[in-house]
Amino acid sequence: MREGWRIFKSEPLVFALVTAIYAMLLLIASNIPIVGFLLAGPFSVGFYLVVADISLGRVFNVWRIFEGFKFILPAIAAYAAITFFSVIGYILLIIPGIIVTAWYLFAFLFIADRGYGFWQAMEASRQLVRQDTTGFIFFLGAMGLLNLAGALCFILGLLITLPVTYIATFAAYRGLVGLQTLAEQPPPPPLHI
């Protein structure tokens, strides 16, 4: 979490802007039946692409959030499967839901960084988290409490807490397994005349 806060402080306005765009896109999409469900995965992957760029000191490009659509099928399938398994887990007395949510914490990062299919990304995330499930449950709990505090601050606090939690997840992933394609320099943004 400290690393997430440290990186957030390096570009707070940029992270707040990206979070506002991300939230608005999901809010608009969620008002159209099924569309919000279909777009949440690709936008989550795109958000991690932006986090990776800023965390690695690259030039900020807001359009990078849409590059999550390069991974549209695995992102949608992962989002659907994670949502399904988590809901089943929460129905089974909450604790299994928390465990399942923790297991799949890094699935979108494995999709973005390694180009994994949805099941391979979910399995890689689960195997990684199972090495310290209790620690990741506390990590997930800390992120949940942080975002709850952000929501209680008239929702605007989420412009700070949401990116901090995404950055902290990215930093944990980078520290645990390293980066592959996310470490590579993306192509320069197109010039507009």
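I'm checking my understanding of the structure. Among residues of segment 1-47 that are of a type in the set (S, T, N, Q) and loosely packed, with under 14 Cβ neighbours inside 10 Å, which one is nearest to residue 82 (Cα to Cα)?
If we take residues in segment 1-47 being of a type in the set (S, T, N, Q) and loosely packed, with under 14 Cβ neighbours inside 10 Å, then 31 is nearest to residue 82 (Cα to Cα).
Inside segment 121-147, can you point out the residues that are assigned to a helix (DSSP H, G or I) and more than 17 Å from the chain's Cα centre (by Cα)?
Going residue by residue through segment 121-147, those that are assigned to a helix (DSSP H, G or I) are 121-130, 133-147.
Selection gives 127, 130, 133, 134, 135, 138.
Select the helices (runs of 4 or more DSSP H) contained entirely in segment 1-111, then report the ones holding at least 2 residues which are under 20 Å from residue 124 (Cβ atoms).
So the answer is 35-55, 72-91, 95-103.
Within segment 156-177, is even one residue farther than 22 Å from residue 1 by Cα and surrounded by fewer than 18 Cβ atoms within 10 Å (Cβ to Cβ)?
Going through segment 156-177, the residues farther than 22 Å from residue 1 by Cα turn out to be none.
Within segment 156-177, not a single residue is farther than 22 Å from residue 1 by Cα and surrounded by fewer than 18 Cβ atoms within 10 Å (Cβ to Cβ).
Spot the failing condition for residue 50; the list is (1) modelled with pLDDT of 85 or more; (2) over 17 Å from the mean Cα position of the chain (by Cα), and only one is missed.
Going through (1) modelled with pLDDT of 85 or more; (2) over 17 Å from the mean Cα position of the chain (by Cα) one by one, residue 50 breaks only (2).
Would you confirm, using the coordinates I've provided, whether residue 59 is among the β-branched types (Val, Ile, Thr), touching a Pro at 6+ places or on another chain (Cβ under 9 Å) and buried (at least 19 other Cβ atoms within 10 Å of the Cβ)?
No; evaluated as a whole, the condition is false for this residue.
The values are calculated or read from the model by the stated rules, or taken from the named source; none is laboratory data. This structure is a prediction, so every number in the text was calculated from the model and none was measured. Glycine also receives a Cβ, built like all others from the backbone with ideal geometry; neighbour counts cover every protein chain displayed.
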